[in-house]
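The values are calculated or read from the model by the stated rules, or taken from the named source; none is laboratory data. Fair warning: this is a prediction, and the values are worked out from it, not measured in the lab. No Cβ is skipped: glycine too gets one built from the backbone with ideal geometry, and neighbour counts run over all protein chains shown.
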């Protein structure tokens, strides 16, 4: 990991190239697009073509794109709940208990923040909270499996009251989804599963294809092609956010446990070579101990090559003067996860302004957030925590203002409303207000 001393140098390093960088195009994308579509394209052009093919050609476009990109035929467009229940019965008892336990906490957490509706009869206004009609969660797959992501996306949608919740997830090379993913869908109450992936899945969910029904909101993480597709279809469908590689900031002082800090940084690095593990500390001695622990622990882990690449290319150790500087630096970085492992973590919470999720204390660690602490693990990355929140009930609900004024209150407002309308040259507006005086 790169070590930098001082607030300003650390800030400069952490904010360098901060963002999603969706415009970057690797040479491999250009070559692949030429193979698929006959010409070299940027990543954006490539995804635009995929989205257009599916939007215009429906099922046939979806089949054709999947055949060209993945080299497989779509034999079935969807699975029903009967198959998810069979998978639920097939998984081990230990896994079933773990999934049920995580689901229970996720369901409980989101139920506590369910309603933001209110009404003030004396003032004649209020808010009605209404769920969208349908939502889809994209769950990465293929060579990987993420049953936890099914729980973290589908359960909040169900708690919000969405009547039709579906997931799309790319199957393995044999065209099969893992039992753990199907079992999670059963536990979460998912209504339908589409075994499709990539940008073509996002397009199908946004526009419908005949066999795939269009939805109102699409949520969930994915690779650059999925992310670009979500960006392109936004406006025709709602989205939760655009996500880059995962990231964690661990804020530590001289009292922190170096072994635990190192373990948390490694857990983050294990996701992806582009994952960003960051340690911000007030102690040079702790930084040295964490570095030593990283080297030691790295030797025994299955994904050591991925972890090493992440720590070497993305990892940063920032040494600052005090914890207040540390919090300020974390706010500038706006991490997906902020783990405060200092002596009195709770005292620093009021200073936190930008973070997807905050973990207070060394035992409230980020891995618990990944697998079932309660909040969804789909969180803003790449600095978007400056303006966005993690996935939750708000992702799947609309806030509809209601105005219900007694007639006398409405008349009392008429004079000021009329003045403003005439100032803007909208005399029809003014008269629509003024004419009601004659009815009193």
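Quick check on my filter: what residues within the range 231-262 are in contact (Cβ under 8 Å) with a residue 60 or more places away in the chain, touching a helix residue (DSSP H, G or I) at 6+ places or on another chain (Cβ under 8 Å) and assigned to a helix (DSSP H, G or I)?
Of everything in the range 231-262, those that are in contact (Cβ under 8 Å) with a residue 60 or more places away in the chain, touching a helix residue (DSSP H, G or I) at 6+ places or on another chain (Cβ under 8 Å) and assigned to a helix (DSSP H, G or I) turn out to be 232, 233, 261.
Looking for something surrounded by fewer than 16 Cβ atoms within 10 Å (Cβ to Cβ) and touching a strand residue (DSSP E or B) at 6+ places or on another chain (Cβ under 8 Å) - is there at least one such residue anywhere in the range 375-395?
no
Tell me which helices (runs of 4 or more DSSP H) are completely within the range 1-111 and hold 1 or more residues being modelled with pLDDT of 95 or more, or say none if there are none. I'd like the intermediate steps shown before the answer.
On the way: elements: 7-15, 27-37, 43-70, 81-90.
Once the helices (runs of 4 or more DSSP H) in the range 1-111 are filtered for at least 1 residues that are modelled with pLDDT of 95 or more, what remains is 7-15, 43-70, 81-90.
When you check residue 202 against the structure, is it at pLDDT 95 or above, in contact with a helix residue (DSSP H, G or I) (Cβ under 6 Å, 6 or more places away or on another chain) and either farther than 21 Å from residue 49 by Cα or not in a helix (DSSP H, G or I) (or both), yes or no? Reasoning before the result, please.
Working: at pLDDT 95 or above: yes; in contact with a helix residue (DSSP H, G or I) (Cβ under 6 Å, 6 or more places away or on another chain): yes; either farther than 21 Å from residue 49 by Cα or not in a helix (DSSP H, G or I) (or both): no.
Here the answer is no, as residue 202 does not meet what is asked.
Return the residues of the range 206-224 that are within 17 Å of the chain's Cα centre (by Cα), assigned to a loop (DSSP other than H, G, I, E, B) and farther than 16 Å from residue 246 by Cβ; say none if nothing qualifies. Give the derivation first.
Taking the range 206-224 first, the residues within 17 Å of the chain's Cα centre (by Cα) are 216-224.
Those left that are additionally assigned to a loop (DSSP other than H, G, I, E, B): 216, 220-223.
If the condition is that a residue be within 17 Å of the chain's Cα centre (by Cα), assigned to a loop (DSSP other than H, G, I, E, B) and farther than 16 Å from residue 246 by Cβ, then 216 is the only one that fits.
Please name all residue pairs, on different chains or six or more residues apart, with Cβ atoms under 8 Å, provided the first residue is in the range 96-116 and is assigned by TED's automatic domain parsing to the domain that holds residue 153 and the second residue is part of a helix (DSSP H, G or I) and surrounded by fewer than 14 Cβ atoms within 10 Å (Cβ to Cβ).
If the second residue must be part of a helix (DSSP H, G or I) and surrounded by fewer than 14 Cβ atoms within 10 Å (Cβ to Cβ), no pairs are left.
Would you check if there is a residue in the range 142-155 being crowded, with 24+ Cβ neighbours inside 10 Å and within 27 Å of residue 45 (Cα to Cα)?
Quick first cut of the range 142-155, residues crowded, with 24+ Cβ neighbours inside 10 Å only: 147, 149-155.
Imposing the further condition that a residue be within 27 Å of residue 45 (Cα to Cα) reduces the set to none.
No, the range 142-155 contains no residue that is crowded, with 24+ Cβ neighbours inside 10 Å and within 27 Å of residue 45 (Cα to Cα).
Please determine, by comparing only the residues of the range 184-196 that are farther than 12 Å from residue 165 by Cα and either in contact with a helix residue (DSSP H, G or I) (Cβ under 8 Å, 6 or more places away or on another chain) or in the same structural domain as residue 44 (by TED's automatic domain parsing) (or both), which one is surrounded by the most Cβ atoms within 10 Å (Cβ to Cβ).
Filtering the range 184-196 for residues farther than 12 Å from residue 165 by Cα gives 184, 187, 195-196.
The next check asks that each one be either in contact with a helix residue (DSSP H, G or I) (Cβ under 8 Å, 6 or more places away or on another chain) or in the same structural domain as residue 44 (by TED's automatic domain parsing) (or both); those that pass are 184, 187, 196.
On the way: 184: 32, 187: 22, 196: 29.
So the residue we want is 184.
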